[in-house]
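Data first, discussion second: the structure below is written as structure tokens.
Please treat every number below as a calculation from the coordinates, not as lab data. Because the structure is a prediction, the values reported are computed rather than measured. All Cβ positions, even for glycine, are placed from backbone atoms using ideal geometry, and neighbour counts span all protein chains on display.
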Amino acid sequence: DQQVKQNSPSLSVQEGRISILNCDYTNSMFDYFLWYKKYPAEGPTFLISISSIKDKNEDGRFTVFLNKSAKHLSLHIVPSQPGDSAVYFCAASSSGGGADGLTFGKGTHLIIQP
Amino acid sequence: DAGVIQSPRHEVTEMGQEVTLRCKPISGHDYLFWYRQTMMRGLELLIYFNNNVPIDDSGMPEDRFSAKMPNASFSTLKIQPSEPRDSAVYFCASSPRGEKNIQYFGAGTRLSVL
């Protein structure tokens with residue numbers, strides 16, 4: 001029973017266009033969400049996060065949107081650059097109850113084409 | 001700071017052998033996490049420590065797995081005896097007090113049990 005789902009294993013986007021990565025969750029106790037980026041042979045690195053009290057958080061080219069009623073979040077990257085090619089993990093946590101630590105999705109491999 | 005340091009980067013061993021993975025967290029971080037990444041299950045939390053004390057080990061798969069944190073700058077994850085199904089990439093991560101969810105990952109140890 002995957003509590004955090006990333007249904008697209010891969011996504012190909014042209015350089016300069018918008019990349020939209022999606023994530024769904026099932027546990028209503030989750031109240032904090034994060035996106036991590038991972039290059040081959042490296043560990044995941046934190047990218048951006050959002051608390052459940054917000055519906056949007058922006059940091060430069062990266063924006064995360066949260067739709068609590070749909071239990072859905074998305075990461076927008078605009079404009080996409082070649083260095084954005086990586087695996088992106090969605091993660092979630094709850095501040096009260098349940099297991100601590102982060103629950104990760106299986107990742108989406110983003111490929112930026114020149 | 002050099003970031004989270006894991007050793008070894010690669011480990012190849014035979015079934016039945018003891019395996020010890022090592023982690024040095026970022027200096028000053030209060031939390032330390034061990035994760036395992038497999039194709040089937042993605043990134044899973046195994047155990048985490050707060051101020052060297054194990055808080056949640058519900059993700060540890062079975063008694064063959066054990067983790068220790070004898071001091072603030074060192075942790076080990078031991079598998080004894082190892083089995084082929086333990087083959088995975090094991091990540092260590094740390095985070096500072098007040099920012100438990102913003103975790104900084106090491107590069108991981110790729111374990112192959114033959």
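Data overview
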| read-out | value |
| --- | --- |
| Cβ neighbours within 10 Å from other chains - mean over B:34-42 | 3 |
| Pair B:Thr38, A:Ile18: separation of 7 Å Cα→Cβ label points (nm) | 3.9 |
| From phi via Karplus (6.51, -1.76, 1.60), per-residue ³J(HN,Hα) for region B:28-43 in Hz, x at Gly/Pro | x, 6, 8, 10, 9, 10, 10, 10, 10, 10, 10, 4, 6, 10, x, 8 |
| Shielding score for A:44-52, defined as the mean number of other chain Cβ atoms within 10 Å | 3 |
| Projected area averaged over orientations for region A:1-48, convex hull of C-alpha atoms, nm² | 4.8 |
| Summed residue charge, Cβ within 15 Å of A:His109's Cβ, Lys/Arg positive, Asp/Glu negative | +1 |
| Neighbourhood charge, 13 Å Cβ-Cβ cut-off, centred on A:Cys90 and excluding it, Lys, Arg +1 and Asp, Glu -1 | +4 |
| Region A:14-114 shape via C-alpha gyration tensor axes, a/c threshold 1.5 | prolate |
| Gained length - B:Thr20 relative to B:Asn50, 0.36 nm times residue gap less alpha-carbon distance | 8.7 nm |
| Computed FRET value (nearest 0.05) for B:Val12 with B:Glu99, which takes r as the C-beta separation and R₀ as 30 Å | 0.25 |
| Efficiency of FRET from Cβ geometry, A:Met29 and B:Arg64, R₀ 35 Å, rounded to 0.05 | 0.70 |
| Kirkwood Rh in Å, taken over all unlike Cα pairs in chain B | 13.9 |
| Inter-part distance where region B:76-114 and region A:29-86 are each reduced to a Cα centre, Å | 23 |
| Cβ neighbours within 10 Å from other chains - mean over B:99-107 | 6 |
